[in-house]
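Accompanying notes for the structure given below.
The values are calculated or read from the model by the stated rules, or taken from the named source; none is laboratory data. Since this is a predicted model, take the numbers as computed values, not measurements. No Cβ is skipped: glycine too gets one built from the backbone with ideal geometry, and neighbour counts run over all protein chains shown. The protein model used for the area step is the full one, side chains on, heavy atoms only, and it has no ligands, DNA or RNA in it. Shrake-Rupley method; radii C 1.70, N 1.55, O 1.52, S 1.80 Å.
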Amino acid sequence: MRFIIMSTSGPDNICSASSRHTHPVTALALLVTLGIVFGDIGTSPLYVMKAITGATSMPDADYIIGAVSCVIWTLTLQTTLKYVVVALRADNHGEGGILALFALLKHISRPKLYIVAVIGAAALIADGVITPAMTVTSALEGLSIISPDIPVLPLVIIVITGIFLMQRAGTARIGKLFGPFMLVWFLMLGVLGICSVGLAPRIFLAFNPWYAVKLLIHYPGWFLILGAVFLCTTGAEALYSDLGHCGRRNITISWIFVKAMLILNYLGQGAWIIAHAGNLPSGANPFYTIMPSWMVIPGVIISTGAAIIASQALLSGSFTIFSEAMNLGLWPRQRIVYSSPLKGQLYIPAVNWSLLAGCLLTVLIFRTSSGMEAAYGLAITVTMLMTTVLLSLYLVHRGVSRWVAGCFAAFFIIIEGAFFVANAFKFMHGGWFTILIAGIVAAVMMVWRAALNVRRGFIEYRRLDELAPILSDMRHDDTIPQYASNLIYFSNSPDTDLVESKLAYSLLNKRPKRADHYWILRPQFTDEPDTLTYSVKVLVPQTVFVVTLRMGFRVMPRINVYFRQIVNRMVADGLVDITSSHPSLRSRGLPGDFHFIILHRIFSPSSECHPSVRRLMNLHSLLRRLGISDEEAMGLDTSGLTVETAPLIINTAPGRCIEPEPPTGSLGSDDKK
């Protein structure tokens, strides 16, 4: 007799009604969006025009107008059209980013598509390493205007360390704190720009895209210009990754204001440069030179605060990327701290401290923002190219004609390809650093995924309908000592009708385990953010049950709590009686105990397998040290838990046959004589 019980739930209680989290558009939500999402792209005026003027020895009016035109149309085409208009609609249950996009496409018949997602995600992580170093250094270098003797490098290290220390607080609290500050920042950008455009009204010609085209055609160092211009849109990918924190409509509406303030500031800096083309201070940053002298100190303070927030935008996106990667089988499981029951509140300590180490290393290697400009941008162009590929496939998947999707892909691949070529010229000057970081992260992701697939191939399964009658008989076999009242085995079986052979061996052979109730618990971590659902299959009434528990990557994994909720509901429905079977306890209505068992499959170096498999399994064992144990990943109470080990591979290759010794006392040839 078999029953199927299905239940859906919200993120707080597995027995509650299903609800999809939405982000209403309110003044407070828009303010929080400014604080969480736009920090990275919003601080680009700190260094973009400085990089543009540094790309030539004599920046005349035509050069500046053309360069500002490139900035305006890059923000319009790359950030607004591709990311705000198109990419933000490609959400995985409200979540954005390249891995969320891959999750929407992973079921289509393109087995190597994950490589595109892995390369893009790894490059974005590399960008997250250098962004805090770049923005904070650019902001604090404004102190050199006050006094060249001020030690900038120690201040940069102190500020960056403080940024990472505050991550534990969670993005909601940070957003409420940073939102008003970023509003002041963007208003300051706009006001400074408005006050400076009158110095050279010709700068408004930059709205004409012909000036951008003319500059790139006639200027021989076009790749230097594009490498500098690209810095204005590096935060677009982080904007997409932070979609789940604020929602599409809040980001879209806020971007209208943010883009206007950015363009005004670029126009103002361009006008100031044109007006002072003959006597530009060497190495001066136009962002600070357009400020009145009395405003430099407040400007440095506000800029440093904005740089801190810019770092936060990348860090919150990095936490999301790694949490998605874990559920997609691309990264070892890490300890995740949920700062709040609200959506989006997660913090990964191991990721946080690793990124801090990378940022400090970046500062110590490159030391100045000018040195970091060479390393900045190359990795993120790779991410943008990968996102374009996935977005094009997503458009086809959603019913958009292949012709339209192809034009979309071709258009942005040409633009981003040009940016990639321009940034590739900076490889030897610092671009190698971010590519090295991206390469390490990508290698870990691909090795981990390949190892998991190989391990799954070695696992053998047994049908549960063959095992269930034996378990039913064991329940009533008093000659077998009772192991527990409720025995719960964790299973990774892809089917509710199957169970791992090693699990059956542990139950029946290793040590027969008698229990009143046998539970096969199948926890499944999904790529949907807030999913928390379960289903129960009753194989033998009151005896054998299969429970499938599905959890999204933003759901706190508290298996004990969720399982208890499921059992309580089954008790209320009369499907199971968990009262102890011991007469002295049953007469008092006391429930039986619960005992969990996890099987850990260990690869032995002595296993008979192909050398490539052996190398992959050894790498998997090494990478497991980066993560946490299965019991910690599922939030289990270890007081009622047993972890059993079993070999992953059983040697089946024929070996040398062993010969029996002759019987003791038998006559040898000499005795016969």
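Values computed for the structure shown
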| item | result |
| --- | --- |
| Test: residue in segment 491-505 that is of a type in the set (A, V, I, L, M), under 30 Å from residue 244 (Cα atoms), open to solvent by 10 Å² or more (accessible area, probe 1.4 Å) and under 33 Å from the mean Cα position of the chain (by Cα) | no |
| Residue ranges of helices (runs of 4 or more DSSP H) in segment 343-450 with at least 3 members among the aromatic types (Phe, Trp, Tyr) and more than 20 Å from residue 115 (Cα to Cα) | 402-424 |
| Residues within segment 454-469 that are open to solvent by 60 Å² or more (accessible area, probe 1.4 Å), in contact (Cβ under 8 Å) with a residue 40 or more places away in the chain and within 17 Å of residue 621 (Cβ to Cβ), tallied | 1 |
| Residues of segment 274-288 satisfying the condition of being under 40 Å from the mean Cα position of the chain (by Cα) and open to solvent by less than 40 Å² (accessible area, probe 1.4 Å) | 284, 285, 286, 287, 288 |
| Subset of segment 542-568 that is over 20 Å from residue 516 (Cα atoms) and among the aromatic types (Phe, Trp, Tyr) - its residue that is surrounded by the fewest Cβ atoms within 10 Å (Cβ to Cβ) | 562 |
| Selected residue (only one of 524, 542 is of a type outside the set (D, E, K, R) and outside any strand (DSSP E or B)) | 542 |
| Among the candidates 251, 217, residue that is open to solvent by 50 Å² or more (accessible area, probe 1.4 Å) and either in contact with an Asp or Glu (Cβ under 6 Å, 6 or more places away or on another chain) or in a helix (DSSP H, G or I) (or both) | 217 |
| Pick from segment 79-98, criterion at pLDDT 90 or above and charged (D, E, K, R), ranking: surrounded by the most Cβ atoms within 10 Å (Cβ to Cβ) | 82 |
| Residue within segment 361-383 that is open to solvent by 10 Å² or more (accessible area, probe 1.4 Å), touching a strand residue (DSSP E or B) at 6+ places or on another chain (Cβ under 9 Å) and either among the polar types (S, T, N, Q) or touching a residue at least 12 places away in the same chain (Cβ under 8 Å) (or both) present | no |
| Matching residues in segment 506-536 - criterion: being touching a helix residue (DSSP H, G or I) at 6+ places or on another chain (Cβ under 9 Å), open to solvent by less than 30 Å² (accessible area, probe 1.4 Å) and over 30 Å from residue 346 (Cα atoms) | 507, 513, 515, 516, 517, 518, 519 |
| Residues of segment 581-616 classified as part of a strand (DSSP E or B), more than 29 Å from the chain's Cα centre (by Cα) and crowded, with 17+ Cβ neighbours inside 10 Å, total | 4 |
| So residue 332, is it at pLDDT 90 or above, farther than 21 Å from residue 240 by Cα and open to solvent by less than 10 Å² (accessible area, probe 1.4 Å) | yes |
| Test: residue in segment 228-240 that is open to solvent by less than 10 Å² (accessible area, probe 1.4 Å), in contact (Cβ under 8 Å) with a residue 24 or more places away in the chain, closer than 30 Å to residue 337 by Cα and aromatic (Phe, Trp, Tyr) | yes |
| Which listed residue, of 309, 301, 297, is under 27 Å from residue 155 (Cβ atoms), of a type in the set (A, V, I, L, M) and modelled with pLDDT under 85 | 309 |
| Condition broken by residue 309, with the remaining ones in (1) crowded, with 24+ Cβ neighbours inside 10 Å; (2) more than 20 Å from residue 162 (Cα to Cα) satisfied | (2) |
| Within segment 99-122, considering residues that are closer than 11 Å to residue 394 by Cβ and buried (at least 24 other Cβ atoms within 10 Å of the Cβ), the one nearest to the chain's Cα centre (by Cα) | 100 |
| Cβ pairs under 7 Å, 6+ apart, first in segment 478-499 and without any contact (Cβ under 8 Å) to a residue 60 or more places away in the chain and part of a loop (DSSP other than H, G, I, E, B), second charged (D, E, K, R) and open to solvent by less than 50 Å² (accessible area, probe 1.4 Å) | 480/514; 481/514; 491/500; 491/522; 493/500; 493/522; 496/537 |
